[in-house]
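Input: a single structure, listed below in structure tokens.
Please treat every number below as a calculation from the coordinates, not as lab data. In this text, all values refer to a predicted model and were calculated from it rather than measured experimentally. Cβ atoms come from the backbone with ideal geometry, glycine included; neighbour counts cover every protein chain shown.
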Amino acid sequence: MLPELQSLLELQKADAEILRLKEEVASLPKKVAVIEQKLAGTKAVLEKAKNSVKADDAARRKYDTTILDLQQKISKYRDQMLAVKTNEQYKALQQEIDFANQEIRGAEDKILDLMVNAEAREKEVKSAEAELKEETAEIEKEKKEARERTAEDEKQLTEWNAKRDKFREAVPSDLLRHYERVQKFRKTGLSEVRDHKCMACQVMLRPQTYNEVRTGNQVVICESCQRILYFDPTTEIVLERPSGPIKKRHHPKPDAPLSWVYRPEYGEHGEVLLVFVNGGGGSTRRIYDFNNGRQIGDTLFREGNYHMAFPEDLAGGGGILLNGNWTEEEMDEWGSEMPMTVLDALHGDLQAARLEAAAKAHSHKHAPTADHTTAAS
């Protein structure tokens, strides 16, 4: 791997760690605020319980005062009864005394209810006080840990920023500008290449591009996402050679009603996949980019069998027939881009066709050969 790529990898790791630390530092005050909000809720519960006790005490004092006032009235009415001269006056005072006694009994019942509730109120207060004490201790512990975490994060930020400056100095200025420009919009400036794909955007790479990245002798940019590509040999998938006989590849028929064709060069588009389908008195042709599976242009319909309708696409040789049995309905559902599973299957079949052709050429290198995978013109 080029030294500047290695420095960029270290720089990207530093940038990722710096971003993580900054986000953690920014989140800690919010975490403390949530903790304090929880404590405020517990304080509110305690305050409500205490206020209920105070309200009950005030109500009890009010009823005590009411009873005292009524008892004074009764005493006054009884004094007046000694001085009355008629039965009507006596009965009227007695009614007032009875009414006052009735109000006294009502007030005493209210006081009794308050006395019964007082024990429950006191339990609520004690429970809320105990919960507040426990939460306060736990929250102070969490706040202390948050402050310590912040201090540690800020210390690490200082260290990582120093490392970042060191890595930046080891990268050429033009390459550094490209990295930072892509990172600004896509969060990362580099992407690993694995299994012929850019792992960041999942787009298949051209074989030549893939080989250039694997060789590691030059800086290669992903055509799709513009990230700087690198190859890590430790993550490369090594396919074990099967111990038994290799399953023979199925050979697609040139006159089949549906035909997939790989073309290494197709005008200004480079490598493409063409698919032809007969049906409905005519035939259709779709073109897909070989590397990313995106459809190029619209689906074209012409009258007649596709061999007759699209001779310009089948002429000139160089095309390789591939195995594919997806229906037009399925292709319509793909929209503007075929699924990655379909693209992988076609890539795999192309690789199998090439290996088969190479093996045949090796075994008959002194004899004339005819590549039966080449599309007929």
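Suppose every K and R has +1 on its Cβ and every D and E has -1 on its Cβ; what is the size of the dipole of segment 258-362 about the Cα centre, in Debye to the nearest 20? Display every interim value, and only then the final one.
Details: 7 positive and 17 negative charges, 82 e Å.
Result for segment 258-362 is approximately 400 debye, rounded to the nearest 20.
Estimate the FRET efficiency between ARG214 and LEU19 by the formula 1/(1 + (r/R0)^6), using the beta-carbon distance for r and 30 Å for R0, to the nearest 0.05.
On the way: r = 29 Å, r/R0 = 0.98.
Computed FRET efficiency for ARG214 and LEU19 comes out at 0.55.
Taking the Cα centre of the chain as origin, sum charge times position over the Cβ atoms of Lys and Arg (+1) and Asp and Glu (-1), and report the length of that vector in debye to the nearest 20. Write out the running numbers ahead of the final one.
Values: 57 positive and 66 negative charges, 125 e Å.
It works out to roughly 600 debye.
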(request) Would you mind checking the tilt of helix 173-186 against the longest principal axis of the Cα atoms of the chain, expressed as 0 to 90 degrees and rounded to 10? (result) 50 degrees
(message) What whole-number distance in Å separates the alpha-carbon centres of segment 298-349 and segment 165-242?
(response) 30 Å
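Rounded, prolate or oblate, given the Cα gyration tensor of segment 280-362, with a/c below 1.5 counting as rounded? If you can, show how the numbers build up before the last one.
Values: a/c = 2.19, a/b = 1.28, b/c = 1.71.
Verdict is oblate for segment 280-362.
How much net charge surrounds PHE231 when only the other residues with a Cβ under 9 Å from the Cβ of PHE231 are counted, with Lys and Arg +1 and Asp and Glu -1? Walk me through the numbers before you get to the answer.
Values: positive: ARG194, ARG214; negative: GLU192, ASP232, GLU236.
Residues near PHE231 contribute -1 overall.
Checking the table LYS123/LYS144; LYS54/LYS110; LYS43/LYS143; LYS197/LYS253; LYS50/LYS110; LYS163/LYS184 against a 25 Å threshold on Cα-Cα, which pairs fail? Write down the numbers at each step before the final one.
Details: LYS123/LYS144 31 Å; LYS54/LYS110 16 Å; LYS43/LYS143 17 Å; LYS197/LYS253 30 Å; LYS50/LYS110 20 Å; LYS163/LYS184 20 Å.
As for pairs spanning more than 25 Å Cα to Cα, those are LYS123/LYS144; LYS197/LYS253.
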(message) Mean-square fluctuation check for the chain, GNM, Cα pairs under 10 Å: which of MET204, MET340, MET81 is largest?
(response) MET81
(request) Return an integer: the convex hull volume of the alpha-carbon atoms of the chain, in Å³ per residue. (result) 334 Å³
(message) Could you check the spin-label model distance between GLU36 and LEU300? Points 7 Å from the Cα along Cα→Cβ, value in nm.
(response) 7.0 nm
(request) Subtracting the Cα-Cα distance from 0.36 nm times the residue separation, let me have the gained length for ALA361 to GLU152 in nm, one decimal. (result) 68.7 nm
(request) Could you tell me which of LEU70, ALA59, GLN95 has its Cα farthest along the dipole of segment 42-115 towards the positive end, charges placed at Cβ (Lys, Arg +1; Asp, Glu -1), taken about the Cα centre? (result) ALA59
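Quick one: compute the contact order of the chain, relative version, from alpha carbon pairs under 8 angstrom and 6+ residues apart, as a percent.
So the answer I get is 14 percent.
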